[in-house]
Amino acid sequence: MPLIDTLRLKTDLVGAGLDEKPAAAIAEALGRADTGQLATKEDLQAVKAELYRALWIQWAATMTGIGVLLTYLK
């Protein structure tokens, strides 16, 4: 389960110009949020691999179709 570093978030928000109190409130709220449904880097890499594979299959099918069409038109 991904966790949010609330101290770093608060520090970053204050560094970006947000006042201390709102920055702390935002960091606290996000720290309590359910992050169990967030995608991890591994999740995104798996989806990327699936999409890459699907694109290759689509490309191969398209090239096969073009080859058949060109053969037919001769």
In nm, the gap between the two label points placed 7 Å beyond Cα toward Cβ at L3 and E42 is 1.7 nm
Taking r as the C-beta separation of A61 and R32 and R0 as 35 Å, the FRET efficiency to the nearest 0.05 is 0.15
Listed by chain and number, the lysines with an alpha carbon less than 30 angstrom from that of K21, same-chain partners under 8 positions apart left out, are K10
Among (i) 83, 33, 13; (ii) 75, 27, 13; (iii) 36, 33, 22, the entry matching Cα extents along the principal axes in Å as calculated here is (ii)
If one compares the long axis through the Cα atoms of helix 20-32 with the longest principal axis of the Cα atoms of the chain, the angle in degrees, nearest 10, works out at 50 degrees
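Where a number appears in this text, it was derived from the coordinates with a stated rule and is not lab data. Since we're looking at a predicted model, the values are computed, not measured. Cβ sites come from the backbone with ideal geometry, for glycine too, and all protein chains shown count toward neighbours.
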